[in-house]
Amino acid sequence: SSNPGTDSNSSSNFSLSPNTSTATISGTATLQIAGSSNIDLTIGGTGTSGLSSAYLNSSQFGAFAGTGTTPTAALVSSGQLNANTLSTYNQLPEPGGSPSYLQWGFFFGEVNVGSTTWNAALIPWVAGNVMTTAATLPQGTVKYSGIVAGDALSNGNLYAATGTYTNFWNFSTSSGAGDIIVDSAEYPIKTSLNGVTFTGQIYEPSAASSSTSAPTEAPTIAQNTPEVGTLNGAFLQNGSTAYAGTMGSLEIVDNASSVHTQTIGNTPYTFVGVFGTVKN
C-alpha cells in the first residue's frame, strides 16, 4: 500500500490501499481548490458503491473517484501507465517495484460539487513512506535525484510538464543545493532541513536548458539571483533505512527571467507540481 502523499499544507491528503484478493484498490483524497472549500474524494473499491477500480500490480492500477459514493468522470492512475509518453519518469525505478517506498501517478477528469464542475487536466500525485521521527543522519554530502512533474501556465496555455529534480544534501550543515530542470529551464535550488521535513527556495534560471541530465555537483548560485519559487518536502523511510528518499511539492512563478518570455497579458509563467527522489 502507498502511504499519504505530501503537499505544501498537508502530509495526509492522499492514500491508497490495494486488495490483491479482489484485484481492486481504494483510498481517499482531498483536492484543494483556490477560492473554494476542499473537496473530499472517495477512490475506487470493488464497484459496489459505484466506484470501480482495477489493480494489476503495484506499478499498474487505476480507479474512479467520486464525492462520497457518487461516481464522477475522474480517474486516479499509477505513473507507470503513462511512462511510455512521459519518458522522464524513467529517471526513477518503476513505482511500487524498486523502490516500493516511493510511488507516483496522476489524477484527471471532472469532479462535480453541487452545480459546479471542476476540471482536472493531468494532476500528478506522489506518495511514500514518510519518516515520522528523526534518525541518525547520513554522513557528509549525499545526492538525491529523481523526477518532477506538474502543470505549467505559459502565454495562456495550460499543459503538463515533467523533468528532473536533484539535491545535494550536506547533512553536517542541514542544508542542500541542487536544481530542477523542467520545461526547458534549469532552476537552482537551496534547501534547509528541519527534522524529517525541509523547505527550499527556487531561483531564477540563468539560461534556457534543453538538458534532462542531472548535475554531478551542487550548482553555484550567484548573489542577488531573484527567487521565483518555493518547495516543501519530507524524507522517506525504506524499511529500516532512514533518509532513503524525498518527496514534496513546489511552485514556480517566474516573471523575472528571459527563459519564459510572456507575450500574452501580464500573467507570469507558473509551474505547480510534485517531486520524488531516491538516495544515490
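For the stretch 1-86, the strands (runs of 3 or more DSSP E) that sit wholly inside it and include 3 or more residues that are at pLDDT 65 or above, in contact with a Ser or Thr (Cβ under 9 Å, 6 or more places away or on another chain) and closer than 24 Å to M131 by Cβ are 14-19, 24-31.
Selection of the stretch 127-144 for residues being of a type outside the set (A, V, I, L, M) and either surrounded by fewer than 19 Cβ atoms within 10 Å (Cβ to Cβ) or modelled with pLDDT of 90 or more (or both) yields T132, T133, T136, P138, Q139, G140, T141, K143, Y144. The set of residues in the stretch 219-242 that are assigned to a loop (DSSP other than H, G, I, E, B) and touching an Asp or Glu at 6+ places or on another chain (Cβ under 6 Å) comprises P219, T225, P226. Screening N232 on (1) at pLDDT below 85; (2) within 15 Å of the chain's Cα centre (by Cα) shows it passes everything except condition (1).
Taking the criterion of being within 16 Å of S249 (Cβ to Cβ) and either crowded, with 20+ Cβ neighbours inside 10 Å or among the basic types (K, R) (or both), the residues of the stretch 145-160 that qualify are G146, I147, V148, A149, G150.
Selection within the stretch 165-190: residues that are crowded, with 22+ Cβ neighbours inside 10 Å and of a type in the set (S, T, Y). The member of this set that is nearest to A218 (Cα to Cα) is T166. On the stretch given as the stretch 243-265, residues that are at pLDDT 90 or above and either touching an Asp or Glu at 6+ places or on another chain (Cβ under 9 Å) or open to solvent by less than 20 Å² (accessible area, probe 1.4 Å) (or both) total 9.
Working only within the stretch 87-100, note down all residues that are at pLDDT 50 or above and open to solvent by 20 Å² or more (accessible area, probe 1.4 Å). Result: S100, single match.
Just one residue in the set S206, S210, S172, S192 is part of a loop (DSSP other than H, G, I, E, B) and modelled with pLDDT of 90 or more; that residue is S172.
The values are calculated or read from the model by the stated rules, or taken from the named source; none is laboratory data. As the structure is a prediction and not an experimental result, all values here were calculated from the model. Heads up, the Cβs are rebuilt from the backbone with ideal geometry, glycines too, and the neighbour counts pull from every protein chain shown. The accessibility values were calculated without ligands, DNA or RNA, using every heavy atom of the protein model including side chains. Shrake-Rupley method; radii C 1.70, N 1.55, O 1.52, S 1.80 Å.
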